[in-house]
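The values are calculated or read from the model by the stated rules, or taken from the named source; none is laboratory data. Because the structure is predicted, anything quoted here is derived from the model rather than measured. Neighbour counts are summed over all protein chains in view; Cβ atoms, including those assigned to glycine, are modelled from backbone coordinates with ideal geometry.
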Amino acid sequence: DTEVTQTPKHLVMGMTNKKSLKCEQHMGHRAMYWYKQKAKKPPELMFVYSYEKLSINESVPSRFSPECPNSSLLNLHLHALQPEDSALYLCASSQDVWGAGGEKLFFGSGTQLSVL
Amino acid sequence: AQTVTQSQPEMSVQEAETVTLSCTYDTSESDYYLFWYKQPPSRQMILVIRQEAYKQQNATENRFSVNFQKAAKSFSLKISDSQLGDAAMYFCAYRSAWGGGSNYKLTFGKGTLLTVNP
């Protein structure tokens, strides 16, 4: 199984809502990532988890709150978002962050988020 | 900081023909990885091909091959026998081979949108 599964595929939320994005992988990878991608732009890194601990936060606003309940799951909790946060949110995983295999990322299909 | 440049925002190719997508990069490192990712309308980023900088041999994956010119810092992707399913946005990306600091990051180019005409 080389899949990274993201749910939901689409999400529409108001600025006062709280919602969560979910990502799951069963490849035994110990590094998981959240990326944000605007239309026709490359992905931008948001967070990196290594062995279920937050390793890197790319100065993301606190209205985005990541969580890694276990080595297979990654969540992104959303609260009080702004319309400019509308984007495709991609999850990815790799064997490790810095070790061998860490350079090969497997991506999910993303959640298309619209903030009204 | 490393940069990746894709100078062709859009390309088109006839089905069954060959197309080459360009990518140049700038780095002071000697060991690194280069990638081509494909993002079709399904939005999933799919790894097409990966090149390790210390390997002189160009990577190939079926119809996809690269021309890696380390001295020129060039990494082009050749797609042979193009198929309708190859239509996608293609991103070139760079990652350091050494850990620590900000070396975990994938640096992406801006992408090339490839259209395949029947």
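Taking A:T5 and the conditions (1) surrounded by 17 or more Cβ atoms within 10 Å (Cβ to Cβ); (2) under 22 Å from B:Q39 (Cβ atoms); (3) among the hydroxyl-bearing types (S, T, Y), which numbered condition does it fall short on, given that it satisfies the others?
Result: A:T5 fails condition (1) only.
How many residues does the range B:25-54 hold that are within 11 Å of chain A (Cβ to nearest Cβ), in contact (Cβ under 8 Å) with a residue 12 or more places away in the chain and hydroxyl-bearing (S, T, Y)?
3
Can you confirm whether the range A:19-39 contains a residue that is more than 14 Å from A:Q112 (Cα to Cα), more than 14 Å from chain B (Cβ to nearest Cβ), modelled with pLDDT of 95 or more and not in a loop (DSSP other than H, G, I, E, B)?
Yes, that holds for at least one residue.
Anything in the range B:2-24 that is among the hydrophobic types (A, V, I, L, M, F, W, C) and away from chain A (no Cβ under 14 Å)? List them, or say none.
B:M11, B:V13, B:A16, B:V19, B:L21 - these are the residues of the range B:2-24 that are among the hydrophobic types (A, V, I, L, M, F, W, C) and away from chain A (no Cβ under 14 Å).
Please return the ranges of strands (runs of 3 or more DSSP E) entirely within the range B:1-80 where 2 or more residues are under 27 Å from B:P118 (Cα atoms) and either within 12 Å of the chain's Cα centre (by Cα) or of a type in the set (D, E) (or both).
B:19-21, B:32-39, B:46-52, B:64-69, B:74-79
State the number of residues belonging to the range B:81-105 that are assigned to a strand (DSSP E or B) and surrounded by fewer than 19 Cβ atoms within 10 Å (Cβ to Cβ).
Within the range B:81-105, residues that are assigned to a strand (DSSP E or B) and surrounded by fewer than 19 Cβ atoms within 10 Å (Cβ to Cβ) number 0.
Please give the strands (runs of 3 or more DSSP E) falling wholly within the range A:61-116 in which 3 or more residues are within 14 Å of chain B (Cβ to nearest Cβ) and hydroxyl-bearing (S, T, Y).
Details: elements: A:64-70, A:73-79, A:87-94, A:111-115.
Those strands (runs of 3 or more DSSP E) span A:87-94.
Quick one: which of A:P61, A:P69, A:P42 is without any contact (Cβ under 8 Å) to a residue 24 or more places away in the chain, buried (at least 20 other Cβ atoms within 10 Å of the Cβ) and not small (G, A, S)?
Answer to the check: A:P42.
Go through B:F75, B:F68, B:F108 for me and flag whichever is among the aromatic types (F, W, Y) and either surrounded by fewer than 16 Cβ atoms within 10 Å (Cβ to Cβ) or within 11 Å of chain A (Cβ to nearest Cβ) (or both). Full working, then the answer.
Details: B:F75 fails: either surrounded by fewer than 16 Cβ atoms within 10 Å (Cβ to Cβ) or within 11 Å of chain A (Cβ to nearest Cβ) (or both); B:F68 fails: either surrounded by fewer than 16 Cβ atoms within 10 Å (Cβ to Cβ) or within 11 Å of chain A (Cβ to nearest Cβ) (or both).
Selected residue: B:F108, the only one of B:F75, B:F68, B:F108 that is among the aromatic types (F, W, Y) and either surrounded by fewer than 16 Cβ atoms within 10 Å (Cβ to Cβ) or within 11 Å of chain A (Cβ to nearest Cβ) (or both).
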